[in-house]
Every structure is written in C-alpha cells, then in structure tokens.
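Worksheet: one structure, shown below.
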Amino acid sequence: MPEHVEVARSESERGELVLRSRRDAEGGPSALELRANGVFVMDTVEVGTERALAAAALALVERPARVVVGGLGLGFTMHEVLADARVERCAVVEIEEALVGWMRDGTIPHGPALLADERVVVVVADIAVALAEAPPASYDLVLLDVDNGPGYLVHDANAALYDRPALESARAALAPGGALAVWSADEAPQLAATLEAVFGAAEAVPLPVRLQDRDEHYWLYVARVPSGS
Ligand SMILES: C[S@@+](CC[C@H](N)C(=O)[O-])C[C@H]1O[C@@H](n2cnc3c(N)ncnc32)[C@H](O)[C@@H]1O
C-alpha cells in the first residue's frame, strides 16, 4: 500500500482541497497528489496528457501570443505553454486561492520558478466567469482542464462550462485563427456536438496514457475559429 502524508489542506465554499505526498511501498520517489472533496484531481506522476493539452493546441495556432489556461492544478499545462517562445502572455485562471498560494510559497516545490516567468498572470476566479467577462478576441488559445472531463466533474457547478452559453463565451474570447482545447478523461460526445454547434466543427484527439500497467486514452476536444472570421 502506498504511504500518504498530508502536505497542506484548505477549505473553501466548494469544500476541502488537500495536497498530499505519496510514496509507493517499494520506497520510490514521492509524488504530489491533489484532491478536491475527496475526488482525485491529479498527481505529479502521470502528467503527459496535461502537457499534451498545451502542446497539441499550440501546434494548431500560428501565433499563440495570448493564452489562457483554465485550472492551474500543479502547473504542468502552464509549464508547457511557457516553453513555447511564441507565447507573450499566459493568463492562468484558478478557482482555489489556496492552491495559488501553495504554488507561490513553495509548498508545491516547482511552483515559485514557474510563477516567476514574467509572462504569467494568475487570476483567482471561475474560468467560466473570466471567459464571459473577457473582451472579444482577447486570446489566441483557450485551454480548459478544470475537471476530470465533462462526465466527471470536480465541482458540480462546472457542468455549465461545457454547455452552449459558456462555449459561446469561449469562442467570443478567441481571436480569428484561435483555438479552444478541452481535456477529458473519457470520450465526451455531447461536448463534441456542442462544440460543433458553436464553432462549426470540432475534433476529438486521443491522448495515449499508461495507467497502472494498462494502455488507455484520455481525450482532447479541439475547436477552431477560422482565420478570416
Ligand atoms: C485537473 S487540475 C488542472 C491540471 C493542470 N492542467 C496541470 O497541468 O496541472 C484542475 C484545476 O482546475 C481548478 N478548477 C476547478 N474548477 C475551476 C473553475 N471553474 N475555474 C477555474 N479553476 C477551476 C481546480 O481547482 C484544479 O486546480
């Protein structure tokens, strides 16, 4: 059985947020794990698809100067965004203020170096609200990874993020030639249909992932705003 040690804990109106370290029985290197209300959100072991969310979306846009990432998590998507020299500004919208604090103060050890990049702006807010309030054509890329997918929400209120009004806000916040990418643990045909209705087309991209000796797929849902629109 792996050994868990609590690193930090916080309460918000959405419930408890817990950061803990996990070491497997064989005594390998310890991993950090984030849980919200008892639901596993992510860990630092399998982060290939968090990175792939950014990499696949960055490849679709000619000039991704302005990027917004919905959901800081442990910062891997943001890290991949910052590795792209074309990115001039990366806004990260995170609903849990405590998590931003743990990244800033080094409770999450790789946090301070990531946030020191002068292109990063961290906003404590609901990404749905941030997109609804964004001026038109503010971003070249919108990356959403706030749940385990539309079918497995971290917070029930996030259901609205995958409905037409929120996705219309995301489209309006994108400049011509821009793209939206949404991470999902499972296939999400309803999300694909809504994206098609809002953007005219959408693509489901399988992301291979190795989970406890099994080869599985996570999914990326991508939709683009035509360059001339
Ligand atoms: C799966 S993690 C993101 C992982 C991230 N892509 C990474 O690479 O580490 C989801 C994050 O979204 C945040 N979150 C959940 N709902 C949100 C919302 N409505 N607006 C902004 N952030 C939200 C959670 O607190 C959590 O930090």
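Taking the criterion of being open to solvent by 20 Å² or more (accessible area, probe 1.4 Å) and either more than 6 Å from the ligand (Cβ to nearest atom) or touching a residue at least 40 places away in the same chain (Cβ under 8 Å) (or both), the residues of segment 72-81 that qualify are H79, E80.
The single condition among (1) among the basic types (K, R); (2) within 16 Å of M42 (Cα to Cα); (3) crowded, with 21+ Cβ neighbours inside 10 Å that R224 does not satisfy is (2). Return yes or no: is E46 in contact with a strand residue (DSSP E or B) (Cβ under 7 Å, 6 or more places away or on another chain), under 22 Å from A134 (Cα atoms) and open to solvent by 20 Å² or more (accessible area, probe 1.4 Å)? No: the conditions fail for E46.
Results for (1) more than 12 Å from the ligand (Cβ to nearest atom); (2) of a type outside the set (A, V, I, L, M, F, W, C), shown as yes or no for each residue.
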position: R22; (1), (2): yes, yes
position: G48; (1), (2): no, yes
position: A54; (1), (2): no, no
position: V67; (1), (2): yes, no
position: G70; (1), (2): no, yes
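For residues in segment 176-187 being of a type in the set (A, V, I, L, M, F, W, C) and open to solvent by 10 Å² or more (accessible area, probe 1.4 Å), which is modelled with the lowest pLDDT? Among residues in segment 176-187 that are of a type in the set (A, V, I, L, M, F, W, C) and open to solvent by 10 Å² or more (accessible area, probe 1.4 Å), the one modelled with the lowest pLDDT is A185.
There is at least one residue in segment 199-213 that is in the same structural domain as A52 (by TED's automatic domain parsing), within 23 Å of A59 (Cβ to Cβ), charged (D, E, K, R) and in contact (Cβ under 8 Å) with a residue 40 or more places away in the chain.
Hey, does segment 127-136 have a residue that's in contact (Cβ under 8 Å) with a residue 60 or more places away in the chain, surrounded by 16 or more Cβ atoms within 10 Å (Cβ to Cβ), outside the structural domain of L19 (by TED's automatic domain parsing) and β-branched (V, I, T)? Checking segment 127-136: not a single residue is in contact (Cβ under 8 Å) with a residue 60 or more places away in the chain, surrounded by 16 or more Cβ atoms within 10 Å (Cβ to Cβ), outside the structural domain of L19 (by TED's automatic domain parsing) and β-branched (V, I, T).
In the set (1) within 13 Å of the ligand (Cβ to nearest atom); (2) part of a loop (DSSP other than H, G, I, E, B); (3) at pLDDT 95 or above, the condition left unmet by V92 is number (2). Is it the case that some residue within segment 153-161 is open to solvent by 10 Å² or more (accessible area, probe 1.4 Å), of a type in the set (G, A, S), part of a helix (DSSP H, G or I) and within 10 Å of the ligand (Cβ to nearest atom)? Yes: one or more hits.
A157 fulfils the conditions (1) at pLDDT below 95; (2) closer than 21 Å to H79 by Cβ except for a single criterion, (2).
The values are calculated or read from the model by the stated rules, or taken from the named source; none is laboratory data. Note that the structure is a prediction, hence the values are computed from the model and not measured. No Cβ is skipped: glycine too gets one built from the backbone with ideal geometry, and neighbour counts run over all protein chains shown. All accessible areas refer to the heavy atoms of the entire protein, side chains included, with ligands and DNA or RNA removed. Shrake-Rupley method; radii C 1.70, N 1.55, O 1.52, S 1.80 Å.
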